[in-house]
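K.L.:
Below is the structure I would like to discuss, written out as structure tokens.
The values are calculated or read from the model by the stated rules, or taken from the named source; none is laboratory data. Values in this document were obtained by computation on a predicted structure and should not be read as measured data. Glycine gets a Cβ as well: all are built from the backbone with ideal geometry, and neighbour counts include every protein chain shown. Only protein heavy atoms, including side chains, enter the accessible area calculation; ligands, DNA and RNA are left aside. Shrake-Rupley method; radii C 1.70, N 1.55, O 1.52, S 1.80 Å.
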Amino acid sequence: MRVIRIVVPCLIGLMSLFVYPCHVCAQADSLLYVLDTLLVDDNPYPKIGSTVPLQQFSGDELKQLGVTNVGDAMKFMSGITVKDYGGVGGLKTVSVRGMGAQHTAVFFDGVAVGDCQSGMVDLGRFSTDNLEGLQLTIGDGDDIYRPARMLASAGALSIKTSMSSENVVQACLRAGSFDTYTANIMLGRSLGKGWSSTIFADYTSSQGAYDFDIENAEKRINGKRINSDIETLRADVSFLWNGNKKNFFRAKLYAYNSSQGIPGGVIVDNPISSERLTTRNLFGQLFYECFPSSGIRMKAALKHNYQYNRNKQPTLKTINEYNQHETDLSYTVAYSPTEILSFAYSEELFYNNLKTTNRHNTMPSSPQRISLLSAVSMRVANSLFSVTASLLHSYASEWCRDAEAAPDRSRFSPSLSFSCSPFGRNSSLRLSYKEIFRMPTFNDLYYRESGNYKLRPEKSRMLNIGASYMSSGNAAGNLLFSIDGYYGRVEDKIVAVPGIFIWKMSNVNDVKLSGADINISGTINLPAHSLLKIASSYSYMCAVDDTGGSQLKGSQIVYTPRHSGSLSAALETAIVNFGYSLIWSGKRYRLAQNIPSTEVDPYFDHSLWLSRDWKIANATLSTKIEAINIADINYEIIRYYPMPGCNCRITATLKI
């Protein structure tokens, strides 16, 4: 039965790829249609008229924010919660609207980044120095020409790297506080006949030993973060071919290696910290897209991902090693019989295998999972309105060599979204509904004694209503405003429940979600060819336990602030550029009990920067000086993990 449910849909999809051979057969008017499609795909960040909330940063905007990794950039978006354990190598994960980091899918150049062990992707691993842009989509948007895996999550974060089709060299050197140094280089080269290549390599080293002053158990603790050093090396190699504008091919190889200390939480009268973590990640992905005729688009991707984690705890005399493999095959076919009507079919098959060398616990040595996602979508759109509907079927089957495996799981998940522009093209109203089906991770199911192979998947529903407005733009500048309100529920929430001797993962919680996100951005033209750019966001998020009969009913879930926001401003002049940024968060709770002893204080993080570009012959030298957390407060995003105080950073980037 398992074979039939997996093989038959894949064969149907593969046959659809060969029904229309990918050769140049379009007439002149068809060619114009295809070029328009390519233009839309190259700029996938619409701001007005979308049926769901979209937030994005271009590569230039990321540089102005002064962030060096994707995790820090996400702190400037609304409707999300970033968990940051502090320091250069601290884990950074993103939760959309209080649903948990496992509900956020991450895509790297159009292909999913997976982690079957924890279900969470550490966004601190991805540098922003070679990015063309970031986009966060909450719900299913207007673009039905998407992988099925993107439809299977509450939010999708798309990371797009820079891929130059021309000869270019870019080198960057960065030095900062706590003996932090970064050097990277990007090489782009045209190889002729539509071929080009891009190589990016990055090295970072930091001792991370910063002073801190926090309160713990009614006692002030002054100390220095120890065992917080990190050394990372990452490389990204891409080859592209776009010879006849009708076929597009991209091959990418990504490698990441890090060795770091884990400083752990600050414990009263116990400064000892010796835990070490080694991480290696290697993946290769192939992507092919073709436009066989007018109104037909097809794309397919193949990826294999390998990740190795080694956790050594000398004080406990234990070494935990994990080897994780994932093979992913996806394809999508879209057909537009008219200008207003479009259909799409997407299929994604992926296999996960987690091997552990641990022999001192009861975790299975090699749990395996095969998953199949199938989605059909339809879109009807004109200049006045847009309606998008999709239906996703999820199926998963697991097996273990030396333990009982979880049962097969299957579910249909619909989504529907609508937008219209009753007051003109500069404004829009939107309404969307989406159901999400999240599989338990291998840690949830099988990790040591706490795992529970009988866990049910989490089932979520989310309703969103919003509006956007953008001024038409004039000599004074322009303005973009958006507001979204939402309501949702998460059923069978997976949490750890204490037992007589050990904790156990269980489906015991229901979570009720409600809130609002507001985003305002704009530009103001000033005299002397100067420009002021301003962007701000605010989030109100009520994510409370709604489990019937629970003493915790009505309590805000852990590490989810009711109020949070950000502000950034940049003044560009003919001589020098200035900037300011602010990230703030209201109080949170570190435990499910919302009592004063579990409360985590609000925080504000202010930063300033100054930059200038220098023309040197045919090259451009960009220099930047940053002062980060100028209030010099060791605030905590996660309790007992203090963030660095005031620190500085100097960056020089040469582009030829």
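K.L.:
Kindly evaluate ASP36 against the criterion of being at pLDDT 85 or above and surrounded by fewer than 20 Cβ atoms within 10 Å (Cβ to Cβ). Walk me through how you get there before you give the answer.
P.N.:
Details: at pLDDT 85 or above: no; surrounded by fewer than 20 Cβ atoms within 10 Å (Cβ to Cβ): yes.
Judged against the criteria, ASP36 is not a match.
K.L.:
Just name the residue that is nearest to ASP60 (Cα to Cα) out of those in the stretch 153-165 that are in a loop (DSSP other than H, G, I, E, B) and open to solvent by 30 Å² or more (accessible area, probe 1.4 Å).
P.N.:
Within the stretch 153-165, the first condition is being in a loop (DSSP other than H, G, I, E, B), and the residues that meet it are 153-154, 162-165.
Then drop every residue that is not open to solvent by 30 Å² or more (accessible area, probe 1.4 Å), which leaves 162-165.
On the way: SER162: 12, MET163: 15, SER164: 15, SER165: 19 Å.
Here the answer is SER162.
K.L.:
Condition check: touching a strand residue (DSSP E or B) at 6+ places or on another chain (Cβ under 9 Å), modelled with pLDDT of 80 or more and farther than 30 Å from PRO440 by Cα. Does SER16 satisfy that? Lay out the reasoning, then the answer.
P.N.:
Details: touching a strand residue (DSSP E or B) at 6+ places or on another chain (Cβ under 9 Å): yes; modelled with pLDDT of 80 or more: no; farther than 30 Å from PRO440 by Cα: yes.
Spelling it out, it is not the case that SER16 is touching a strand residue (DSSP E or B) at 6+ places or on another chain (Cβ under 9 Å), modelled with pLDDT of 80 or more and farther than 30 Å from PRO440 by Cα.
K.L.:
So which of GLU339, GLU321 ends up being within 26 Å of the chain's Cα centre (by Cα), surrounded by fewer than 16 Cβ atoms within 10 Å (Cβ to Cβ) and at pLDDT below 95? Spell out how you get there, then give the answer.
P.N.:
Numbers: GLU339 fails: within 26 Å of the chain's Cα centre (by Cα).
When all the criteria are applied, what remains is GLU321.
K.L.:
Sticking with this one: Let me confirm something: among SER206, SER197, which residue is closer than 30 Å to THR81 by Cα and modelled with pLDDT of 90 or more?
P.N.:
Working: SER197 fails: closer than 30 Å to THR81 by Cα.
That would be SER206, the only listed residue that is closer than 30 Å to THR81 by Cα and modelled with pLDDT of 90 or more.
K.L.:
Then there's this: Out of (1) open to solvent by less than 60 Å² (accessible area, probe 1.4 Å); (2) in contact with a helix residue (DSSP H, G or I) (Cβ under 9 Å, 6 or more places away or on another chain); (3) more than 16 Å from PHE248 (Cβ to Cβ), what's the single condition that is false for TYR331?
P.N.:
(3)
K.L.:
Still on this structure, I have one more. Would you point out which residue out of ALA516, ALA574 is aliphatic (A, V, I, L, M) and at pLDDT 95 or above? Steps first, please.
P.N.:
On the way: ALA574 fails: at pLDDT 95 or above.
Exactly one of ALA516, ALA574 is aliphatic (A, V, I, L, M) and at pLDDT 95 or above, namely ALA516.
K.L.:
Could you figure out which of (1) at pLDDT below 95; (2) open to solvent by less than 70 Å² (accessible area, probe 1.4 Å) isn't true of SER374?
P.N.:
Just one mismatch for SER374, condition (1).
Residues checked against (1) touching a residue at least 40 places away in the same chain (Cβ under 8 Å); (2) among the hydroxyl-bearing types (Ser, Thr, Tyr):
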residue	(1), (2)
ASN247	yes, no
TYR256	yes, yes
THR278	no, yes
ASN281	yes, no
TYR306	no, yes
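K.L.:
Which condition number does ALA627 fail, the rest of (1) surrounded by 14 or more Cβ atoms within 10 Å (Cβ to Cβ); (2) farther than 29 Å from ILE267 by Cβ; (3) modelled with pLDDT under 95 being met?
P.N.:
Of everything listed in (1) surrounded by 14 or more Cβ atoms within 10 Å (Cβ to Cβ); (2) farther than 29 Å from ILE267 by Cβ; (3) modelled with pLDDT under 95, ALA627 misses just condition (3).
K.L.:
Determine which member of the set GLN117, GLN55, GLN102 is modelled with pLDDT of 75 or more, over 30 Å from HIS563 (Cα atoms) and not aromatic (Phe, Trp, Tyr). Step through it out loud before you land on a result.
P.N.:
Numbers: GLN55 fails: over 30 Å from HIS563 (Cα atoms); GLN102 fails: over 30 Å from HIS563 (Cα atoms).
Every option except GLN117 fails the conditions.
K.L.:
Moving to a separate point now. For the stretch 507-524, indicate whether the set of residues that are within 27 Å of GLN551 (Cβ to Cβ), surrounded by fewer than 16 Cβ atoms within 10 Å (Cβ to Cβ) and in contact with a helix residue (DSSP H, G or I) (Cβ under 7 Å, 6 or more places away or on another chain) is non-empty. Show your work before the answer.
P.N.:
Going through the stretch 507-524, the residues within 27 Å of GLN551 (Cβ to Cβ) turn out to be 507-515.
So of that shortlist, the ones also surrounded by fewer than 16 Cβ atoms within 10 Å (Cβ to Cβ) come out as 508.
With the extra rule that they be in contact with a helix residue (DSSP H, G or I) (Cβ under 7 Å, 6 or more places away or on another chain), the set shrinks to none.
No, the conditions are met nowhere in the stretch 507-524.
K.L.:
Continuing with this model, one more query. Please return the ranges of strands (runs of 3 or more DSSP E) entirely within the stretch 53-110 where 1 or more residues are among the β-branched types (Val, Ile, Thr) and within 15 Å of the chain's Cα centre (by Cα). Before you say what the answer is, go through the steps one by one.
P.N.:
On the way: elements: 54-58, 80-84, 92-96, 104-108.
Correct list: 80-84, 92-96, 104-108.
K.L.:
Further question on the same structure: Looking at the stretch 358-368, is at least one residue touching a strand residue (DSSP E or B) at 6+ places or on another chain (Cβ under 9 Å), surrounded by fewer than 20 Cβ atoms within 10 Å (Cβ to Cβ) and either under 16 Å from ASP143 (Cα atoms) or free of Cβ contacts under 8 Å to residues at least 12 places away in the same chain (or both)? Don't jump to the end; show me each part of the working.
P.N.:
Step one: list which residues in the stretch 358-368 are touching a strand residue (DSSP E or B) at 6+ places or on another chain (Cβ under 9 Å), which gives 358, 360-361, 363-368.
Filter once more, keeping what is surrounded by fewer than 20 Cβ atoms within 10 Å (Cβ to Cβ): 358, 360-361, 365-366, 368.
Filter once more, so that each one left must be either under 16 Å from ASP143 (Cα atoms) or free of Cβ contacts under 8 Å to residues at least 12 places away in the same chain (or both): none.
The answer is no, given that none of the residues of the stretch 358-368 is touching a strand residue (DSSP E or B) at 6+ places or on another chain (Cβ under 9 Å), surrounded by fewer than 20 Cβ atoms within 10 Å (Cβ to Cβ) and either under 16 Å from ASP143 (Cα atoms) or free of Cβ contacts under 8 Å to residues at least 12 places away in the same chain (or both).
K.L.:
Can you name the number of the only condition in (1) in contact with an Asp or Glu (Cβ under 9 Å, 6 or more places away or on another chain); (2) more than 30 Å from ALA535 (Cα to Cα) that SER482 fails?
P.N.:
(2)
K.L.:
Would you confirm, using the coordinates I've provided, whether ILE534 is surrounded by 18 or more Cβ atoms within 10 Å (Cβ to Cβ) and outside any loop (DSSP other than H, G, I, E, B)?
P.N.:
Working: surrounded by 18 or more Cβ atoms within 10 Å (Cβ to Cβ): no; outside any loop (DSSP other than H, G, I, E, B): yes.
No; evaluated as a whole, the condition is false for this residue.
K.L.:
Out of the stretch 307-355, which residues are of a type in the set (D, E, K, R), on the phi < 0 side of the Ramachandran plot and assigned to a loop (DSSP other than H, G, I, E, B)?
P.N.:
Step one: filter the stretch 307-355 for residues of a type in the set (D, E, K, R), giving 310, 312, 317, 321, 326, 328, 339, 347-348, 355.
If we keep only those that are on the phi < 0 side of the Ramachandran plot as well, we get 310, 312, 321, 326, 328, 339, 347-348, 355.
Within the stretch 307-355, just GLU339 meets the criteria.
K.L.:
Using beta carbons and a limit of 6 Å, which pairs, at least six apart or on different chains, have the first residue in the stretch 561-572 and without any contact (Cβ under 8 Å) to a residue 24 or more places away in the chain and surrounded by fewer than 17 Cβ atoms within 10 Å (Cβ to Cβ) and the second one assigned to a strand (DSSP E or B) and among the acidic types (Asp, Glu)?
P.N.:
The qualifying pairs do not exist here.
K.L.:
Please work out if GLY295 is closer than 24 Å to GLU347 by Cα, crowded, with 18+ Cβ neighbours inside 10 Å and among the small types (Gly, Ala, Ser).
P.N.:
Yes: the conditions hold for GLY295.
K.L.:
Look through the stretch 49-91, keep the residues that are within 22 Å of ILE638 (Cβ to Cβ) and touching a Lys or Arg at 6+ places or on another chain (Cβ under 6 Å), and return whichever of them is surrounded by the most Cβ atoms within 10 Å (Cβ to Cβ).
P.N.:
The qualifying residue surrounded by the most Cβ atoms within 10 Å (Cβ to Cβ) is GLY79.
K.L.:
Against the definition (within 27 Å of ARG125 (Cβ to Cβ) and surrounded by fewer than 19 Cβ atoms within 10 Å (Cβ to Cβ)), how does ASN281 come out, yes or no? Walk me through it before giving the result.
P.N.:
On the way: within 27 Å of ARG125 (Cβ to Cβ): yes; surrounded by fewer than 19 Cβ atoms within 10 Å (Cβ to Cβ): no.
When the stated conditions are applied, ASN281 does not pass them.
K.L.:
Within the stretch 166-175, track down each residue that is open to solvent by 20 Å² or more (accessible area, probe 1.4 Å) and touching a residue at least 40 places away in the same chain (Cβ under 8 Å).
P.N.:
Keep residues of the stretch 166-175 that are open to solvent by 20 Å² or more (accessible area, probe 1.4 Å), which gives 166-169, 171, 173-175.
Answer for the stretch 166-175, where residues must be open to solvent by 20 Å² or more (accessible area, probe 1.4 Å) and touching a residue at least 40 places away in the same chain (Cβ under 8 Å): VAL168, VAL169, ALA171, LEU173, ARG174, ALA175.
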